Structure formats: C-alpha cells, structure tokens
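The structure under discussion appears below in the form of structure tokens.
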Ligand SMILES: Cc1cc2nc3c(=O)[nH]c(=O)nc-3n(C[C@H](O)[C@H](O)[C@H](O)COP(=O)(O)OP(=O)(O)OC[C@H]3O[C@@H](n4cnc5c(N)ncnc54)[C@H](O)[C@@H]3O)c2cc1C
C-alpha cells in the first residue's frame, strides 16, 4: 500500500530514465487504417491535458521532452492555477502570492525544476510571534509546555515504526481526537489548533490524524515553509509553459465534456472547441471534474469519492504598508482572533514598503471574505494593536482572494477527513479508460506544489510506459 511519502521513491523523477521509446517518439497505439501501411507507423501520440496548473504543466513538459504532441486546455485566462503570483506594487516591483507560498526543503522535484530553468529560490522561513488573549509574545517568549513538547517529540518518533495497519487505523480518527487521546489540553491544544489549522486550512477536527501525523513526521524542520521562487512562484509555471510552447496551451478553454469511444477521447470546451486525443491527463480539482459531462459516466465509486472530498477554505488578505513596522524580515505572527495568522509576504524584496498577508482558514475565512475592505482593514488594525499599536495610517492598499469561492477548485487544496486517505484517494487516482488523473489531491505531498508536479509527471510516465509496451501497428 502506498503511504504518503513512499510515492517519492516509487514514482516520478526517480525512474524517469527507465522509459525508453524508439527514436524518442512513442509508437502509435491507434488502429491503423485498413490496407494503408506496409511498415509500422511512428506517428506521435496525441495527449490532451486538462488544466495548466503545476500538475498539468509538469505533465506537459515531461511529455513534450519525449516528443509527444500535447495540448493543454486551461479554463482561466492565465496559467499556474492555484499558484497565483500578483504584483501588488508596480513602482517597487513587489510581488505576493495569493495562492501557494512556500517551497519546502524536501520538495526535490520542484527544486530540481527551478535549477533546470535557472530560477532562484529565496529563503522564506519565519520566526513565529504570538498574540494570545490580547497579549503579545515575541518568538522567543512563547512555546508549548515542556511536557507537551516532549510528548509530541515521542509521537513523531513513534510514527517511524507504524505498520500499514497502524496507519489505516490512525486514518479513522481526526487529528484533534488523536492529540487529545495523547494527553494535550488547555493552552497547548488551543495553540496546536491555531497552528495546525493554518497547514490544513480547516479545523484539526476535520483532518485525518494519519494525514496530519504523516505530514509532521516527514516534513522539514520548518514544516516545508522554507523558500519562495524569486519574482514569484509563477515563474516556474512560465518557464515550463515556455519550454512546452505557448501555442500548445489554450487559455480560456473550459472543458465541458469528455467522451471516450474506442481508442479516441473527444474533449469539448465551453465555446464549442473540440479536440481528439489518444490519452488525456485530467489534473482538475474534484469540483471541476464533477462539472464535466463524462461519457461513459465516471464509475459510481469515483463519483462518490469526488463528492466526498472537501477543500480548505482559505482567504488571503494582503495589506501593502508604506513601511515595514514589524522591523523583522522573517516576521510572522499567530493570533487567536479572526485574522488568524499574518506573515511578511515581501521578505527579500527590497523596498521601504512591505506587505503583511492575513491568512484565515475555515469558518473564519468564510466570514472575513464576505466583508468589505474597510471592515477587513479595521479588523486587522485592531488585531495587530497589542504588538504595534495603531497601524492604519501606514496602509496604502489591500487585496483579497477567497479560495472557498474559487470557481474551479472551491477551496485551496484537498482536506482528507477521517477514514478518507486509504479509501477514496485510491479511487480518485484510478485511471478511467484512456483518462489518467493527476493533481495535488492525489499526491503523497498532498496540498503542495511538489505533489502537483509529482502526480503530473507520474501520469505522463504511465502514458509513456503504456506506449512503449503498445503493439506496433502492422498492415491489416
Ligand atoms: C491559499 C493557498 C495556499 C497554498 N500554500 C501552499 C504552499 O505554501 N506551498 C505549496 O507547495 N503549496 C501550497 N498550496 C497548494 C498548491 O497551490 C497546489 O497544491 C498546487 O498549485 C495545485 O496544482 P494542480 O495543478 O494540482 O491544480 P491547479 O493549480 O488547480 O490546476 C488545475 C487547473 O485546471 C484548471 N481548470 C479547472 N477546471 C477546468 C476545466 N473545466 N477546463 C479546463 N481547465 C480547468 C484550473 O483553472 C487550474 O488552472 C496553496 C494553495 C492555496 C490556494
């Protein structure tokens, strides 16, 4: 059984070199027309990829390097999907992330791709301050109790010896329950809820204990909050798109129907555009998958799995200030009130000005997203008072994005609830006729850009594997 991190060794980058295709081109698996060819044809296969997020772009880049003809269909007017870099200040060239923020030190494929494209990774680690019950604590002045710190260390260590059966059992419980059963209480529990819910985007009562423990036990010291790509994380999307060929990526092409008949898949977009393919890689979030007309219909268990998976409600509210009054480039702060968590979003970007992002999750995000900018800036001013006093006179502008209302994902990333990791994930990732599935929700590095890349590459690799085994068509 594949567990969260085993994916890294089993699939994707590690075995790329194993796929050997004749003359670098896949051999056509389509039926030859009758009495046409004397010799084997080596027409390149057509692969259509749904979605130009990191998963679709990684799949497209992988396949096009092997000479496969790819077309990527993207509903939005931009590439990158849930990687959404935004220039908030043109004068000083300040770029923030409204989607994915951190590149983890363990995210090997992403880091390798940055290297391949000459993209620089900047340190993006923070030292967390705290506002708790209206009192401000600098990073050195707060911690969990000593007893809980050592208990948690024990929990992390014990995970290394978990059997597969233990992991399946753990998945049946939520993270809050597991922590409580391990003796956490009071302030320690409140802090864990506040901190861990920023990772999962919903309360820890809604997260599988297996998904949570696997993430904490197998992550880097700063829990994969290590780097950011210079100039914005979408630089990697741009680099992959350029390498694939921008003409191969069709923006404003929302897929509405996927019809499979024999060895041909016909994909239709909202505007009537049609394209045929031998294979399709679908990298869409489950909400978007459910809105497509599938013919034949997706199997019942896949439909049920699609309907069962929830996505995190995250709202990012970015505030551009005329000065960095927090006076620490590596500043972030956890609060126990509505704005939840703030971090310095312009670290390593030289300017007098600076951006703090208020990162809210779950019900808090839902509430905050529905208010006006004036309301939000007032709330944030009040929240920061114990640390910095009045800050509203420094505010130049703000922008906000609520992923809970995103038309295509309905949330920031998947949240596997109790009992879901070992049950619905395998169903979601299962191939359906000539359609392969990829995307962060299927990854061992689930919820990360790395996971999106891993699954995109794995789907591409599977298609190439099938092609290399396909019979060479001969004259009928
Ligand atoms: C607020 C937030 C914070 C995050 N923080 C981090 C972080 O710190 N570190 C990290 O590594 N990751 C983070 N992530 C997660 C990361 O962004 C995702 O894991 C990753 O970008 C998902 O990539 P994907 O290709 O699987 O999906 P997507 O990026 O969603 O790509 C799917 C694409 O399909 C398109 N699409 C949808 N429907 C259709 C259709 N019908 N037809 C055609 N196209 C369609 C969408 O527009 C989208 O472009 C964060 C995400 C969010 C939103």
To test your reading of the geometry: what angle, between 0 and 90 degrees and rounded to tens, separates the Cα axis of helix 373-388 from the longest principal axis of the chain? 50 degrees
Compactness relative to 2.2 N^0.38 Å, alpha carbon Rg of the chain: 1.03
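Round to the nearest 0.05 the FRET efficiency obtained for residue 169 and residue 91 when R0 = 56 Å and r is the Cβ-Cβ distance. Don't skip to the answer; put the middle values down first.
Details: r = 56 Å, r/R0 = 1.00.
Here the calculated transfer efficiency is 0.50.
Can you give the convex hull volume of the alpha carbon atoms of segment 337-476 per residue, in Å³? Kindly include the intermediate steps, with their values, before the conclusion.
On the way: hull volume 27.5 nm³, N = 140.
In segment 337-476, the Cα convex hull volume per residue is 196 Å³.
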Quote to one decimal, in nm, the extra length available between residue 120 and residue 378 on full extension: 0.36 nm per residue of separation minus the C-alpha distance between them. 89.2 nm
So what's the gap between the Cα centers of segment 240-261 and segment 41-80, to the nearest angstrom? 7 Å
Mind giving me the FRET efficiency for residue 325 and residue 427? R0 is 41 Å, r the Cβ-Cβ distance, nearest 0.05 is fine. 0.25
Run the simple label-point estimate for residue 271 and residue 371 please: 7 Å along Cα→C-beta, distance reported in nm. 4.0 nm
Length added when fully stretched, residue 395-residue 138, from 0.36 nm per residue minus Cα-Cα: 90.2 nm
Can you sort 379, 297, 225, 240 by how many other beta carbons sit within 10 Å, fewest first? 297, 379, 225, 240
For an R0 of 25 angstrom, estimate the FRET efficiency from the Cβ-Cβ distance between residue 182 and residue 223 and round to the nearest 0.05. 0.85
What is the distance in Å between the Cα centres of segment 437-455 and segment 168-221? 21 Å
Once each part is reduced to its C-alpha centroid, what is the distance from segment 349-425 to segment 269-300 in angstrom? 32 Å
For helix 449-469, report the angle its Cα long axis makes with the longest principal axis of the Cα atoms of the chain; keep it between 0 and 90° and round to the nearest 10°. 10 degrees
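Taking other Cβ within 10 Å of each residue's Cβ, how do 363, 90 sort, fewest first? Walk me through the numbers on the way to the answer.
Values: 363 11, 90 7.
Ranking 363, 90 by Cβ neighbours within 10 Å, fewest first, gives 90, 363.
Neighbouring Cβ atoms within 10 Å as the yardstick, rank 306, 380 fewest first. Walk me through the numbers on the way to the answer.
Numbers: 306 19, 380 23.
Fewest to most other Cβ atoms nearby, the residues stand as 306, 380.
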Simple SL model, points at 7 angstrom along Cα→Cβ for residue 251 and residue 127; separation in nm is 4.1 nm
Residue 261-residue 407 pseudo-label distance in nm [points 7 Å out on the Cα-to-Cβ vector]: 2.9 nm
To the nearest 10 degrees, how steeply does helix 146-159 sit against the main Cα axis of the chain, on a 0 to 90 scale? 10 degrees
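Read-outs throughout are calculated quantities, based only on the coordinates presented, and are distinct from any laboratory measurement. Worth saying up front: this structure is predicted, and the values here are computed from it rather than measured. Ideal geometry is used to build each Cβ from the backbone, glycine not excepted, and the neighbour counts take in all protein chains shown.
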